[in-house]
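Data first, discussion second: the structure below is written as structure tokens.
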Amino acid sequence: MAYLKLALLLLVFAATIYLIRGNRAIGSKLTENRRNLKAISVQLQQTEDSLQLLNLLALPDLGENKNWKYVLSFTSFPARFASLLELIPSITNQTLPPKEIHLNIAKSEISQLPKSLRNHLEVAGIKIFEVSDIGPGKKLIPTLNRTDLPVIVIDDDLIIDPDLTLKIMIQHNLYPNSIIASRAHHVTIEKNGNIKTFAQWEKQWSQSNGPEVEMFATSGAGTLFTKELLHPEALDEDLYAELSFHTDDLWWYFQARRIGVNVRRVPGVRPLNFIPDTQEQGLWRTGNQERNETTLIRLLDKFGKPF
């Protein structure tokens, strides 16, 4: 009997090992299949994005009576100056070139821009401006104050696709009364109508393209603004610095909603291509997650619900 029990135990043990190995193999296979499906999904989205672009370019009236001029604008600071050399090719080789490229640097920091780098930027056609230190708001407010053209803003830590501004301008001509964003979040609402905390918003939204009230532009990946799409107080540097110094995207959202303007998202999904070694100084690394929550409360108190 003892031998029989031992044999049964060995049999159960062997069966258990077999099942564990089998499950591991199945799990590995499932993981591999999920990765493959995800890759296929990304490829399909990119293909759909390209087809939509071709279809839009084929519209017979798109090029008639349309204005394709725009200004590309960004800001930078000393910790990122060295990486600007990697950014230059992606912004100067756009399929639809900008009329002008503006680089806004704080007056207190522009002396730290190396002369050789400044020459390189200027040779590439980039105009450099000394502006007030208003944090990330520097990339848009000073530029909108000096031009009547649409302004597409980007962050200085991203390599942008060569057709990005073309896609944005196509959407601008199709939806001239909307802010055009390459990437967006989706504002979520409580049952009582109150806005949920920023952390509870649906990030990197791709389920719809808008224009929608709940669409929230994340401007650094490429977003188009015009003066007409923002409340006049949006360009008040002192008010911006007082209420939203580090959180420019929340500022644009509230100033657009104050005059009933919505956001349109560029169709498709675009992964972010960060320049190496630029993220340690990014806003998220320096406390912007908490600032978004406090700024959201402050803007709600000042301007009320954006809906």
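The numbers here are math on the coordinates, done by the rules we state, and not lab data. Only a predicted model underlies this, so the values are computations on that prediction, with no experimental measurement involved. With ideal geometry, Cβ positions are generated from the backbone for all residues, glycine too; neighbour counts draw on all protein chains shown.
What is the distance, in nm, between label points placed 7 Å from the Cα along the Cα-to-Cβ direction at E233 and at F307?
2.2
What ranking, highest mean first, results for peptides 145-154, 76-85 when packing means the other Cβ atoms within 10 Å averaged over each residue? Before the final figure, lay out the partial values.
On the way: 145-154: 19.9, 76-85: 17.1.
Listed from highest to lowest mean packing, they are 145-154, 76-85.
Taking the simple approach of a point 7 Å from Cα along Cα-to-Cβ for both A199 and K99, what is their distance in nm?
The answer from the label model is 4.5 nm.
Ratio of Rg to Rh for the range 115-232, alpha carbon only, Kirkwood? Show your work: numbers first, answer last.
Numbers: Rg = 16.5 Å, Rh = 16.2 Å.
We get a ratio of 1.01 for the range 115-232.
Each residue of the range 188-203 in turn: what ³J(HN,Hα) in whole Hz from Karplus with 6.51, -1.76, 1.60 and θ = phi - 60°, glycine and Pro shown as x?
Whole-Hz 3J(HN,Hα) from phi for the range 188-203: 10, 10, 6, 4, 7, x, 7, 6, 6, 4, 4, 4, 8, 5, 7, 7.
So what is the diffusion coefficient of the range 158-287 in µm² per second by Stokes-Einstein at 37 °C and 0.692 mPa s, using a Kirkwood Rh over Cα pairs?
Working: Rh = 15.6 Å.
Value of D from the Cα-based Kirkwood radius: 210 µm²/s.
Looking at this model, which pairs from K107/K203; K69/K138; K107/K227; K203/K302; K69/K305; K99/K196 are more than 31 angstrom apart at the alpha-carbon?
Values: K107/K203 34 Å; K69/K138 21 Å; K107/K227 24 Å; K203/K302 25 Å; K69/K305 34 Å; K99/K196 40 Å.
Result: K107/K203; K69/K305; K99/K196 exceed 31 Å.
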